[in-house]
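The values are calculated or read from the model by the stated rules, or taken from the named source; none is laboratory data. What you are looking at is a predicted structure, and each value in this text was computed from that prediction instead of being measured. A quick note on method: Cβ atoms are made from the backbone with ideal geometry, for glycine too, and the neighbour counts reach across all protein chains shown.
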Amino acid sequence: MEAASLSVGMTRVARMGGEERSGRPLKVPSGVPGATNATQASRPRTRRWGSFPTTADVGIWASGSTSAALFEALGLGLFALMTDLRKVRPREERAVSASGGDPTELVVAFLTELLLLEQTDGFLAREIRARPVGDPPTAIVASVSGERFDPERHTSRTEVKAVTFHDLVFEPVRGRARVIVDI
């Protein structure tokens, strides 16, 4: 009889069975703190972003394992609101820097600088490499790759007017951030 086990926090739980097992990893019920499935543990956490509706504006959410990953994902999420990122080519590189009194001020300042790139130069980002400064971060230097808006290839989605402090969340330890933008 072969035993399979899984870890839940510091506890190792064994499962015994009389029939032959398929060798597949055990499934851990969702919501068990500290537990991971074998398939989850082998995959690196990837950056993600998306948007969510609010009463009159739009929010951008991001997840990432570091402050840099969160800033990069928020920036790409901002540009994804404005155009289809799959059609943007990383032809040019621009330097962007921002500072703030605390991480939430820095998020607004950084995204505002990115928004100014689009509003003043028609520049669309495809890749962002951010380097936050400080712990917690109060400054950032980023390299932004992309190209100018080309109406024959790029679609205009949503016009973003400003980045707001309303309900802003920036939690690198929990790997999540969200910001609401004025449209």
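To keep it simple, each residue is scored yes or no on (1) at pLDDT 95 or above; (2) within 15 Å of residue 162 (Cα to Cα); (3) crowded, with 19+ Cβ neighbours inside 10 Å; (4) more than 8 Å from the chain's Cα centre (by Cα).
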| position | (1), (2), (3), (4) |
| --- | --- |
| 44 | no, no, no, yes |
| 55 | no, no, no, yes |
| 60 | yes, yes, yes, yes |
| 71 | yes, no, yes, no |
| 82 | yes, yes, yes, yes |
| 89 | yes, no, no, yes |
| 92 | yes, no, no, yes |
Considering 144, 173, 108, which residue is closer than 19 Å to residue 49 by Cβ, part of a loop (DSSP other than H, G, I, E, B) and either within 17 Å of the chain's Cα centre (by Cα) or hydroxyl-bearing (Ser, Thr, Tyr) (or both)?
173
Filter result (crowded, with 16+ Cβ neighbours inside 10 Å and touching a Leu at 6+ places or on another chain (Cβ under 8 Å)) within the stretch 143-172
144, 146, 147, 149, 154, 160, 163, 170, 172
Taking the stretch 157-172 on its own, how many of its residues are modelled with pLDDT under 95 and touching a Lys or Arg at 6+ places or on another chain (Cβ under 9 Å)?
1
Can you tell me how many residues within the stretch 97-133 are within 20 Å of residue 174 (Cα to Cα), of a type outside the set (Ser, Thr, Tyr) and surrounded by 14 or more Cβ atoms within 10 Å (Cβ to Cβ)?
8
Going through (1) more than 28 Å from residue 91 (Cα to Cα); (2) loosely packed, with under 14 Cβ neighbours inside 10 Å; (3) touching a residue at least 40 places away in the same chain (Cβ under 8 Å) one by one, residue 175 fails only at (2)
